[in-house]
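The values are calculated or read from the model by the stated rules, or taken from the named source; none is laboratory data. Since we're looking at a predicted model, the values are computed, not measured. All Cβ positions, even for glycine, are placed from backbone atoms using ideal geometry, and neighbour counts span all protein chains on display. Each accessible area value is taken on the protein alone, full model and side chains, heavy atoms only, with ligands, DNA and RNA left out. Shrake-Rupley method; radii C 1.70, N 1.55, O 1.52, S 1.80 Å.
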Amino acid sequence: MQRIMNQIQNKNIILGLTGSIAVYKSAELTRLLLDQGIQVQVVMTDAACRFITPATMQALSGKPVFTELWQDNHATNQMDHINLGRTTNAILIAPASADFIAKLAHGLADDLLSTVCLARDCPLIVAPAMNRKMWENPAMQRNLKQLETDGITILGPASGIQACGEEGMGRMLEPGELADAVFSFFWPKLLSGIKILITAGPTYEQIDAVRGITNRSSGKMGYAVAKAALELGAVVTMISGPTTLLCPHGIALKNVTSAAEMFSAVQELVADADIFIGVAAVADYRVAQPVEHKIKKSASTLTLELIPNPDILGYVAGLPSPPFCVGFAAESQNLREYAETKRKAKNIQLIAANLVQEAIGADDNEMVLLDAVGETILPRADKLTQARALLQRIIQLYRQGTQT
Ligand code: CTP
């Protein structure tokens, strides 16, 4: 995995800026890409320069910014438009204005950035940003389809409040989402086309209108597993209990609250899954008779009757043709012994075990992976690193067709 990380960290991209107010986000995006070890060469159109100065982008990227097709004399052969697109691993246009998308769709080349795009010898990624009416315009949608037909990757846009005060589709994705998407773009697609269903987060079991039973799971591990699977090219669906986390762009998300809702969602979606990863901290019990209104305080003791929830992972692993099943075990003691017993009892191929006192809510943890072949220790690291390592092990076992 370190080898893959090193390869990505040697990548160069051209970050093309066009005329949109969203260009202010590109300053942050530049910093995030550099943080990931990706080298950034900024190219700006005239319109982009009206929103943000090349000096800002030069200071952030640490390289001179290219803006002009004719006047700049960066290359002695005056062939910046050819050279730039040949020495880069990808071009990301963020923000891509409606006008620039139209140029790409029609192969126009009347400024440096559009010429670099036309003369490129590398993948092109486009992050649209525009007013919602411009986005919905049939001409825009026609141009977008043309870009897709031409094999150009489109990231976003998202829906929300726009700079013009209107609300709707057309917001550029956030810098963090774009930086992650670029990083994923370079990741080898070892799970291309494989469908992965993930459960994540805690569940919430209602007691009355304002109270419930839940647990301290933050959902961070499940979301990290989903992100790592997406990087590898998997088709990822995540069923998540209540969390405060942002779902990475590109993942089909189904939000649920209770274990019963999570179970129904899994039953509905599992037939399509090649791999099922149960990361959710599912409540083992729910209240037998949840009350619609708030229970009023009284002097007497309050007793809640709890009844067991279905074991979702156990159900999936027990299907006539189950997907490859992965579970998590959060234990407070006897880690290996309890986790391996759980793996065998649930009849699953792989279990990722960690000590609950170290993992819950934390940003990093230590894990041990147990399968029929043996164990793999994952030293303390952040949850995304752990998730990537877990997926590497899943790939090995999945390819070997490892049994439980
Ligand atoms: N799990 C599940 N449905 C449940 C309970 C757990 O799908 N009702 C899944 C979790 O997502 C996790 C694995 O089963 O992948 C282990 O869950 P855990 O709660 O640690 O194990 P339990 O079987 O509930 O055993 P115990 O609580 O006794 O440790």
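Observations
- Cα-only Debye scattering, the chain: base-10 log of I(q)/I(0) at q = 0.09, 0.13 Å⁻¹: -0.65, -1.08
- The residues TRP70, TRP135, sorted by heavy-atom accessible surface at 1.4 Å with ligands and nucleic acids left out, run TRP70, TRP135 from largest to smallest.
- Selection from MET262, VAL40, ILE194 lying farthest towards where the dipole of the chain points positive, charges on Cβ: MET262
- Within the same chain, aspartates and glutamates fewer than 8 places from LYS133 are excluded, and of the rest, those with a Cα less than 18 Å from its Cα are ASP99, GLU166, GLU167.
- Remark: relative contact order (the range 286-351) = 28 percent; criterion is Cα-Cα distance under 8 angstrom and separation of 6 or more residues.
- TYR24 exposes around 140 Å² of accessible area when a 1.4 Å probe is run over every protein chain in place.
- Links that overshoot a 32 Å alpha carbon limit, given the list LYS344/LYS383; LYS11/LYS227; LYS227/LYS294; LYS220/LYS342; LYS145/LYS254; LYS63/LYS145: LYS227/LYS294; LYS63/LYS145
- For the chain: relative contact order, % (alpha-carbon pairs under 8 angstrom, 6 or more apart): 11
- Contact order relative to length of the range 2-186, as percent, for alpha carbon pairs under 8 angstrom and 6 or more apart: 22
- Eligible aspartates and glutamates near LYS296 by straight Cα distance, threshold 20 Å, same-chain separation 8 or greater: GLU205, ASP208, GLU305
- Partner aspartates and glutamates for LYS189 [C-alpha distance under 12 Å; skip if fewer than 8 residues away on the same chain]: GLU231
- Computed about the Cα centre, the dipole magnitude for the range 125-212 is approximately 260 debye when only Lys and Arg (+1) and Asp and Glu (-1) carry charge, each at its Cβ.
- Its Cα centre serving as origin, the chain has a Cβ charge dipole (Lys and Arg +1, Asp and Glu -1) of approximately 360 debye.
- Of LEU108, LEU313, LEU84, the residue with the greatest mean-square motion in the GNM of the chain, using alpha carbon springs below 10 Å, is LEU108.
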